Amino acid sequence: MTLSYRNIKNSASKNYITYNLPGDLPLIERTEGDMAFVTSVNSLYIYSDGWQAIRIQNEVPELLSVPPATVSIPIGATYSFTLDATDPDGLEIIWSYQIISGSASVNVINLNDNQFSFSALDDTVFTVRFKASDTVNEVTVDTEFTITNQPPSAPTLLSNGGVTANIAIADIGSLVNYQFTSTDPEGSSVTFGATPSASDDVSLINYSVLGDTLSVIANRDSVGPLVFDVTASDGKYTATTPFNITRTAPYWNISSNGYQQRVEAASTTDPFNRFGDSLDSHKDYLIVGAYSDDDNPSGVFSPQNHGTAWVYKYDSVAGTYSLEQQLISPNVPSNAVGTIYGHSVAIGESIAFVSAYGHDGGNGLNSGSVEIFTRSGVTWTHAGQLLAPSPAAQNKYGYTLAYHPNNDGTTGRLVVTEPGNNTVYVYGVSGSTCTLNQTITGPNYPGTTDPVTYNEFGSSVAIHHNTLAIGVTTRNQSPGVWTAGVGAVCIYQDSGSGFVFEDVKYGTATTYADEYAGPGCVSVYRDAVMVGAPNDNQTGTGSYGPGAVWIFEKINNTWTQTFTKAGAVNTQQQIGRGVALYDKCAVTSQYDTNAPTAWHFRKSGSTWASNQQVSYLINTPADADTNWHINGATIDWDKIIMGGDHTNPGGGEGIFYLFKGV
């Protein structure tokens, strides 16, 4: 505070004298009439009329110590600061504050004299205006406070059971624990959780989370990995890491007692019904085709090559299949001749497909169709029909089928071949609706303009996950050089926008029909392809050869042969007539009139080896005749199903065998 006053006796001289109050105002050595002075802000005392006060001015306080313009503190912390200011006039400083923007929410703010503090209980941003006052003037300053609460770090494997991080492998029935770790930036405790993706079939796995550990017991395999969203939470914010559980088949053996179940065709009126030549399985469902059977269960002999298909349901308690329903299409009337209905079949959890490549349907002989069935409860109902985009006689649409079901049980991809037109179609399946996504025609040999296919691109087909294998009945060995029945397999992988051709594989035959990659002779599991050639190494001494199978796997982006098994030289064992590949397990059949058997191959680490040769004909009256051709095979988890026709005249019914892993 200052006092300005002037000498009235000499006002013309503008003689102003200014004193700072109260300390600088001299009260001694002054006589009456010399001055006037102030004793307080509101009181002015004049000793004489020689001087006249003209102005009283209060000085603004000066800030000495205040928080910076911006302050960031973590949630859960306490912030405190000692405020300091001085008043030029020596008056007492009074501190106060005001929230001028944002919200302090539940954060507890205290101001005790010049001690400012608060507890950061919620993450927010707010601005505090600090005020220093001497009751006449005040000075202010603003500070923006940011209370931070960062999410915990994404969960990572602390202990991964010996597998690659974030790609777990769980064998059926085995308990595996995966321990996770996460750090919260503010030091808060972290709570873990795990939830399967909504698109996955959670019935395929049992799991629980206790503390920081995810425990997994696999029930069975699925088409792809089961994706868990593993979460770490600090109570408000959550970080998530996808964690893949890849369920793999255990290392099991086929029971030394042979097959677990032997099932003959449901309709036994037709010799050579070809029951079991085509079959497919998924979870507890098995579909079996019989393309020469009579679909009329009344016992009336069928028209030639009419065909039918049956669905069986597996009983896990009994360990056997039972017939659930025969699939009859209204589009394939029972009096139709040569429809070859059931030549190829495919099944998912609630959908089934049956081909009829001989079906006319007004489009010409062997133009073909695919019949669609859906399941509700235990009832299968015809739900639609697929025809080729441009149906034509002899194109054989539906000659072979393959279906890749997604984990959700209602969607997937269906592949339909049309070898008479050297074309393959890939459909997206949703419910009973099939939408054509891609049309594939025969490729050229890699790095050339030479076509692989001489005729019948699509003699066989298999799909699993992102891998597609398509058989060729007769390949071009070089431009213009071919031998009927010397086949090949073309391998594709999904690029994300469709299947892209990657490689072609073929056997050693050049002058005789090896039937390489013929119907039933191709199987796919993830990045592996199994191919059979039942006439491989034919010596000319008979109509059949020893046969062989090959397994190719994609290693470092190259399709590499990792296994082969050939039949005995100078025999007609026909190894490779039917093949099936499932993770660490592969099977094929060996035809032999003395001892028909099933070959079981097993992979340990990166090596495939012959594991078992098991007779599928046991000494029972039903098995007295050994003339069986096993032409079809499928594997689902620990169930191997192999089927085929009986070659004995007068008793040519089909059959399938169930082998169980133990």
- Residue among Ser589, Ser610, Ser604 that is open to solvent by less than 10 Å² (accessible area, probe 1.4 Å) and at pLDDT 85 or above: Ser589
- Task: For Phe126, state whether it is in contact with a Gly (Cβ under 8 Å, 6 or more places away or on another chain), surrounded by 15 or more Cβ atoms within 10 Å (Cβ to Cβ) and modelled with pLDDT of 90 or more.
- Result: yes
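So is Ala598 under 18 Å from His464 (Cβ atoms), open to solvent by less than 40 Å² (accessible area, probe 1.4 Å) and either in a loop (DSSP other than H, G, I, E, B) or touching a strand residue (DSSP E or B) at 6+ places or on another chain (Cβ under 7 Å) (or both) or not?
no
For (1) closer than 22 Å to Met530 by Cα; (2) touching a residue at least 24 places away in the same chain (Cβ under 8 Å); (3) over 31 Å from the mean Cα position of the chain (by Cα); (4) crowded, with 20+ Cβ neighbours inside 10 Å, each residue gets a yes or a no:
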| residue | (1), (2), (3), (4) |
| --- | --- |
| Gly420 | no, yes, yes, yes |
| Gly431 | no, yes, no, no |
| Ile440 | yes, yes, no, yes |
| His465 | yes, yes, no, no |
- Message: Residue pairs, Cβ under 9 Å, 6 or more apart or interchain, first in the range 560-574 and on the phi < 0 side of the Ramachandran plot, second part of a strand (DSSP E or B) and open to solvent by 70 Å² or more (accessible area, probe 1.4 Å). List them.
- Response: Thr562/Ile555; Thr562/Thr607; Phe563/Thr607
- Pick out the one residue from Gly518, Gly507, Gly480, Gly485 that is open to solvent by less than 20 Å² (accessible area, probe 1.4 Å), over 23 Å from Glu553 (Cβ atoms) and over 25 Å from the mean Cα position of the chain (by Cα). Gly485
- Message: Cβ-Cβ under 9 Å, sequence separation 6+ or interchain: first residue in the range 176-189 and β-branched (Val, Ile, Thr), partner at pLDDT 85 or above and not in a strand (DSSP E or B). Which pairs?
- Response: Thr181/Val190; Thr181/Asp212; Thr183/Val190
- State yes or no: is Asn177 more than 30 Å from Gly412 (Cα to Cα), assigned to a strand (DSSP E or B) and at pLDDT below 90? yes
- Query: Just one of the numbered conditions (1) assigned to a strand (DSSP E or B); (2) open to solvent by 60 Å² or more (accessible area, probe 1.4 Å) is not true of Ser117; which one?
  - Reply: (2)
- Would you tally the residues in the range 541-568 being open to solvent by 60 Å² or more (accessible area, probe 1.4 Å) and modelled with pLDDT under 85? 3
- Message: I'd like the full set of residues that are at pLDDT 80 or above and in a loop (DSSP other than H, G, I, E, B), limited to the range 129-154.
- Response: Asp134, Thr135, Val136, Asn137, Asn149, Gln150, Pro151, Pro152, Ser153
- Query: Tell me, which residue of the range 613-662 that is part of a loop (DSSP other than H, G, I, E, B), β-branched (Val, Ile, Thr) and farther than 17 Å from Ala265 by Cβ is modelled with the highest pLDDT?
  - Reply: Val662
- Message: So in the range 385-410, with the set limited to residues that are modelled with pLDDT of 95 or more and in a strand (DSSP E or B), which one is surrounded by the most Cβ atoms within 10 Å (Cβ to Cβ)?
- Response: Tyr397
- Those strands (runs of 3 or more DSSP E) lying entirely in the range 264-376 with at least 1 residues surrounded by fewer than 18 Cβ atoms within 10 Å (Cβ to Cβ) and modelled with pLDDT of 90 or more: 308-315, 320-327, 369-376
- Message: Given (1) touching a residue at least 12 places away in the same chain (Cβ under 8 Å); (2) surrounded by fewer than 20 Cβ atoms within 10 Å (Cβ to Cβ); (3) part of a strand (DSSP E or B), identify the lone condition not met by Val426.
- Response: (2)
- Query: Has the range 76-97 got any residue that is modelled with pLDDT under 95, open to solvent by less than 70 Å² (accessible area, probe 1.4 Å) and closer than 26 Å to Gly193 by Cβ?
  - Reply: yes
- Those residues of the range 209-254 that are open to solvent by less than 50 Å² (accessible area, probe 1.4 Å) and at pLDDT below 75 come to a total of 15
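The values are calculated or read from the model by the stated rules, or taken from the named source; none is laboratory data. Computed from a predicted structure; not experimentally measured. Counting neighbours? That spans all protein chains shown, and the Cβs are built from the backbone with ideal geometry, glycine included. Remember, those area values only see protein heavy atoms, side chains included, never the ligands or the DNA or RNA. Shrake-Rupley method; radii C 1.70, N 1.55, O 1.52, S 1.80 Å.
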